[in-house]
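Before anything else, here's the structure in question.
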Amino acid sequence: MGYLNVNGQILPAGTAVLQADNRSYRYGDGLFETMKVVHGRISLAHYHWERFFSGLQLLGFAVPASFTPTTLQEEIIQLCTQNKCTELARIRLSAFRGNGGLYDDDTASLQYMIECQDAGDTVNRLNEEGLVTGIFPDARKSCDRFARLKSANYLPYAMAARYARRNGLHECLVLNTYERIADATIANVFLVRDGCIYTPPVSEGCIAGTMRRYLLEKGRPAGFAIEEKAITPAETAIADELFLTNALYGLRWVKNHGAATYGNQLATAVYNELIKPIWS
């Protein structure tokens, strides 16, 4: 990543761009969006823009008229061109509410940063080896109206990822305050049982994932029985399959979760019929 974009200005990636009293750094007062560029286009762009701008509205950001999906999309592709990764790139768009203390005036203009880097071709194919996952024991995600946002307040997921690394896991599932599955550190969770595919509703505290939304909207018309349902950890022990989704990888199937072992027949079909075509 040779360059980044800060408030519309392209700068060398090593440039210091945040002040010590940045509200996102101090308080997690910000949002971010992770996107995938394929062949010079943002995949599932309208889902990303809907989630991002609805999140800004929910958090009460003052959004200038010039800050639009069209402008941001142009700046993202421009940055990808600058960094020579227009064919396949990972994008992080961050928005934050300026600088200052907790009780300072927070109506200052929205600030933002765009980062991009080559994604590597592994993000464009289904994982051959299944993931090994577990439950993160040390945090519970709330189920309030902010839980669905990709906010800068990412501590439970950061600690869950640290737990996974230290315990030889590829990923961790995060529980909500009702002791049910919310999501994983960087993905939504789907469980397969008797030919049906289930994923927790956003009321269970999961991030409102763009790939999750895409599969819920396109799954049934394509012949897959996909629906929202609260999922307990005990249900993972009797599941036929378990897979994780996000905007970058699309879908990754889980081979082992605790003592359970899974196949990937339905996960592979979902990947091949619904996800691969959007990247071709």
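The values are calculated or read from the model by the stated rules, or taken from the named source; none is laboratory data. Here the structure is a predicted model, which means the values were calculated and not measured. Reconstructed Cβ throughout: ideal geometry from the backbone, glycine too, with neighbour counts over all protein chains shown. Note: areas computed on protein heavy atoms with side chains; ligands, DNA, RNA excluded. Shrake-Rupley method; radii C 1.70, N 1.55, O 1.52, S 1.80 Å.
Over the chain, what is the relative contact order in whole percent, taking alpha-carbon pairs under 8 Å and six or more residues apart?
Averaging sequence separation for qualifying contacts and normalising by length gives 18 percent for the chain.
Write down the percent of antiparallel bridges among all DSSP beta bridges whose residues are both part of the chain, to the nearest 5.
Of the beta bridges lying entirely in the chain, close to 80 percent run antiparallel.
Work through the residues other than Ala152 whose Cβ is under 13 Å from its Cβ and net out their charges, Lys, Arg +1 and Asp, Glu -1.
+3
A further question on this structure: For Asn22, what is the net charge nearby, where nearby means another residue's Cβ is under 10 Å from its Cβ and Lys, Arg count +1, Asp, Glu -1? Could the numbers behind the result be given before it?
Numbers: positive: Arg23, Arg26, Arg97; negative: Asp21, Asp29.
Result for the neighbourhood of Asn22: +1.
In the range 130-276, what percentage of the DSSP-assigned beta bridges are antiparallel, given to the nearest 5?
For the range 130-276, the DSSP antiparallel bridge percentage is about 60.
Would you compute the Debye intensity of the range 133-175 from its alpha-carbon atoms alone, equal scatterers and no solvent, and pass along log10 I(q)/I(0) at q = 0.24, 0.25 Å⁻¹ to two decimals?
For the range 133-175 at q = 0.24, 0.25 Å⁻¹, log10 I(q)/I(0) is -0.81, -0.86.
Can I ask one more? Which residue, Ala234, Ala65, Ala20, has the most motion in a Gaussian network model of the chain that connects Cα atoms within less than 10 Å?
Looking only at Ala234, Ala65, Ala20, the biggest GNM fluctuation is shown by Ala65.
Turning to a different aspect of this structure: Please compute one quarter of the surface area of the Cα convex hull for the range 1-122 and express it in square nanometres. Walk me through the numbers before you get to the answer.
Values: hull surface 30.2 nm².
Result: a mean projected hull area of 7.5 nm².
Let me ask something else about it. With charges set only on the Cβ (+1 for Lys and Arg, -1 for Asp and Glu), what does the dipole of the range 118-246 come to about its Cα centre, in debye to the nearest 20? It would help to have the intermediate numbers written out before the result.
Values: 16 positive and 17 negative charges, 94 e Å.
Dipole of the range 118-246, to the nearest 20 debye: 460 debye.
Continuing with the same structure: Please state the shape class of the range 165-280: rounded when a/c is under 1.5, otherwise prolate if a/b exceeds b/c and oblate if not, all from the C-alpha gyration tensor.
rounded
Using a probe of 1.4 angstrom, how much of the accessible area of the range 13-171 is carbon and sulfur, in percent?
49
I would also like to ask the following. Semi-axes of the equivalent ellipsoid for the chain, please: Cα gyration tensor eigenvalues, times 5, square-rooted, ordered largest first, whole Å. Each step should come with its number before you reach the end.
Working: eigenvalues 202, 99, 59 Å².
Each semi-axis is √(5λ); the values are 32, 22, 17 Å.
OK, next. Connecting C-alpha atoms closer than 10 Å in a GNM of the chain, tell me which of Pro201, Pro64, Pro137 has the biggest fluctuation.
Pro64
Along the charge dipole of the range 1-55, pointing to its positive end and built from +1/-1 on Cβ of Lys, Arg, Asp and Glu, which listed residue (Ala13, Gly55, Leu44) has its Cα farthest out?
Leu44
Turning to a different aspect of this structure: Sorting Lys84, Lys150 by accessible area (1.4 Å probe), largest first, what list results?
Result of the area sort, largest leading: Lys84, Lys150.
Under a 1.4 Å probe, what is the accessible area of the chain per residue, stated in Å²?
47
Next question, about the same structure. If I model a spin label at Ile135 and Thr68 as a point 7 Å from the Cα along the Cα→Cβ vector, what separation in nanometres do I get?
Using points 7 Å along Cα→Cβ, the separation is 4.9 nm.
Roughly speaking, what is the stretch gain from Lys84 to Leu18, that is 0.36 nm per residue apart minus the C-alpha to C-alpha distance, in nm to one decimal?
So the extension gain works out to 21.3 nm.
Which cross-chain or sequence-distant (5 or more) residues have an amide H under 5 Å from the amide H of Gln117, H modelled 1.01 Å from N in plane?
Arg90
Grab the DSSP H runs of the chain that are 4 residues or longer, score each as -39,500 (n - 2.57), total them, divide by all residues and round the 222 nm result to the nearest 500 deg cm²/dmol. Don't skip to the end; give the middle numbers.
On the way: 6 runs with 60 residues, N = 280.
Helix-only estimate at 222 nm: -6500 deg cm²/dmol.
Quick one: which residues, 5 or more positions from Leu4 or on another chain, have an amide H under 5 Å from its amide H? H modelled 1.01 Å from N in the peptide plane, none for Pro or chain starts.
Leu11, Ala13
For the range 139-210, just say rounded, prolate or oblate: build the C-alpha gyration tensor, square-root its eigenvalues into a ≥ b ≥ c, call rounded for a/c under 1.5, and beyond that prolate if a/b exceeds b/c, oblate if not.
Oblate shape, in that a/c is at least 1.5 and b/c is the bigger or equal ratio.
Which whole-Hz ³J(HN,Hα) couplings does the range 34-39 yield from phi under the Karplus relation 6.51 cos²θ - 1.76 cosθ + 1.60, θ = phi - 60°, glycine and proline marked x?
Running phi through 6.51 cos²θ - 1.76 cosθ + 1.60 with θ = phi - 60° gives 9, 10, 10, 9, 10, 6 Hz.
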